[in-house]
Each structure stands twice: as C-alpha cells, then as structure tokens.
Amino acid sequence: MALHAHQRLRHDVVLRTLEVLRVERLTPHMQRVTLGGPELRGFHSAAPDDHMKLFFPNGAGELALPTPGPNGLEFPADHEPSPMRDYTPRRHDAACGELIVDFVLHGDGPASEWAAQAAPGQRLGAGGPRGSFVVAGDFDRYVLVGDETALPAIGRWLEEMPAGTQAVALIELPEAADRQPLHSRADVDIRWFERNGEPAVDSHRLEHALHELPAIEGDSFYWIAAESGRARTMRQGLDQRGVPKDWIKATGYWKAGADDED
Ligand SMILES: Cc1cc2nc3c(=O)[nH]c(=O)nc-3n(C[C@H](O)[C@H](O)[C@H](O)COP(=O)(O)OP(=O)(O)OC[C@H]3O[C@@H](n4cnc5c(N)ncnc54)[C@H](O)[C@@H]3O)c2cc1C
C-alpha cells in the first residue's frame, strides 16, 4: 500500500429515533448522554472523528424528523422541523446496545440546552454517520489539536490508537475542572490549556502551542477541530510551514456568533 494512504468510506444514511438511557455530568461543561433503544441496531462508526446529525425536539417539544429524499433530507411539511446539529459518536458498544455522546454545555442553542436538561426516557433523532475518513495508520506521530467540542473525538482516537503509536494532544478547555482522564495504549503526550473565562474566539492558546511544537524527524499527521476561524488559522500556519495538505485535517466544529443550522 502507498505511504500514508487515507481511506474514505461511505455508508447508507440511516435515520434513527434513540432513547436516553443515562445522563452523567462528566465535568462542569460536559454532559455525557448514553443513548440506546431498538433502532440503534446496525449502527456503525468507523473513524474517531465521525459525526452524526442529531435532531432535537422543535419549539412544540416534538421530534419532527426528516426522511432521506432525492434532494437530501426532507422534513414533514406540516411540522416545525427538529433542529439538527453535528455530534461525535464518543463510544459505541454494539453488544450492550449503547451509544455515548458527550455534549459541551456552552449555554445557548437547541443542542446545548437539550443536553443540559436530558433525562432517561427522552428521545432524539440521529442520522448517520454518512461517511468515515480513516486516517492512515503509518505516520510517525499524530498531533491532535482541539477545544472542548473536539474532546470526544480526541478521547475516542486516543482510546483506539494501537500501542507503539506516538501522539501529542493539545486540548483547550473552559477551565481546569473540565479535564477528563484520557486512556490510551499509545505513547501519548497530553497538554491541557484553560481559558479561565476568556471567550474561546479570543484565545490563541492552541495556535501558540501548535506553533511551538518541536518538529520530529519523521512524518506527522495533524488533526485540528475548533471554532472555525481558529481551525482555519491553524491550517494556514501548517500550510506556511510546508506541511503537505494530505497530512492535515482541520475542521470548524462551531462558528462564533452563528448557530449551526444547515
Ligand atoms: C464533525 C463535528 C463533530 C462535533 N462533535 C461534537 C461533540 O461530540 N460534542 C459537542 O459538544 N459538540 C460537537 N460539535 C460541535 C457542535 O455541533 C456545535 O457546537 C453546535 O453549534 C452546537 O449546537 P447548539 O444548538 O448547542 O448551538 P447553536 O444553535 O449552533 O449556536 C448557538 C450559539 O452558540 C454558539 N456556540 C455553538 N457552539 C459553541 C461552543 N462549543 N462554545 C461556545 N459557543 C458555541 C454559536 O456561535 C451561537 O452563537 C461537533 C461539530 C462538528 C462539525
């Protein structure tokens, strides 16, 4: 196989209604919700940064879910559509029939507000993952950079990394109490950065840490997920340093000042 060959996988889109089984406040700004129910059967997620569309109750408190149509998702015409947002499948246990999603409690917005009040027995819609980007496993080092919204993907990636892999994780959080224990068989250097009240858009902690990260002899893959302007800036910084495009995946996970409706 070629050096550093990533794989793109496509999956049929399946829309599910899932039930809340358990809710646990992991840290001040992170609510863990365990989902299950008969429709979880067949769920599959192949890459740690996969995402699903989650659908939340509309203004009337109802789930008005779309169906896949020839022009994409089609919502029922006679109901206010359920707001949808992107979330990471943090951990899936097919044998137990459980899917964990970790929600950042950032305040505003249907997803964050739903997560803050989530309770066993409630339902929500889930679509996908529609595709997976499986990063090549033959890099000499993996550099994972992200804010709290990226922590589910980073945590999952570290858990799934094989022994012998070298990784550095640069993680920015609202405050020190939001740190989580992250487990890995890989050789991992985790560095935490806390904003302590500074708005995420004004912070340059990740940018600075990434810029200061010493290069290594071999090849590094860079995965970045944060507020979209910041993710773009970090990608540009790597581009300017001559890092090949295929060695970078930088994604805006949220947009300052805009809701994420699409
Ligand atoms: C591929 C992918 C995977 C993701 N995985 C996760 C995940 O596992 N867990 C998770 O919590 N999030 C995740 N996100 C981010 C999440 O989709 C967004 O934060 C989303 O905007 C939250 O929706 P909302 O309804 O709470 O707020 P919205 O209605 O979208 O936004 C309302 C307001 O809140 C602001 N806002 C949105 N998110 C944040 C934030 N994190 N911090 C501060 N202000 C914010 C917006 O700028 C806006 O002003 C992921 C995003 C992507 C693209």
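Taken together, the values in this text are just the output of simple stated rules run on the coordinates, not laboratory data. These figures come from a predicted structure and were not determined experimentally. Here the Cβ is made from the backbone with ideal geometry for all residues, glycine too, and neighbour counts use every protein chain on show.
Applied to the range 123-140, the Karplus parametrisation 6.51 cos²θ - 1.76 cosθ + 1.60 on θ = phi - 60° returns per-residue 3J(HN,Hα) values of 10, 8, x, 9, x, x, x, 8, x, 9, 10, 9, 6, 3, x, 10, 6, 7 Hz, with x for Gly and Pro.
Annotation: lysines with alpha-carbon distance below 24 angstrom to K53 (same-chain offsets under eight excluded): K249, K255. D for the range 97-204, whole µm²/s, Stokes-Einstein with Kirkwood Rh over alpha-carbon pairs at 20 °C and 1.002 mPa s: what number? Using the Kirkwood radius from Cα pairs, D works out to 134 µm²/s.
Reported to the nearest whole Å, the Cα centre-to-centre distance from the range 128-198 to the range 1-71 is 20. When peptides 130-142, 41-53 are ranked by their average number of other Cβ atoms within 10 Å per residue, the highest-first order is 41-53, 130-142. Around the Cα centre of the chain, unit charges on the Cβ atoms of Lys, Arg, Asp and Glu (plus for the first two, minus for the last two) sum to a dipole of about 460 debye.
For a straight C-alpha distance cut-off of 14 angstrom, the aspartates and glutamates reachable from K245 (same-chain residues fewer than eight places away being disregarded) are D219. Beta-bridge orientation, the chain: approximately 60 percent antiparallel, per DSSP, counting only bridges with both partners inside. When the chain is modelled as a GNM with alpha-carbon springs shorter than 10 Å, which of V23, V104, V201 fluctuates the most? Looking only at V23, V104, V201, the largest GNM fluctuation is found for V201.
Comparing A150, A163, A176 in a Gaussian network model of the chain, where Cα atoms under 10 Å apart are tied by springs, the biggest mean-square fluctuation is seen for A163.
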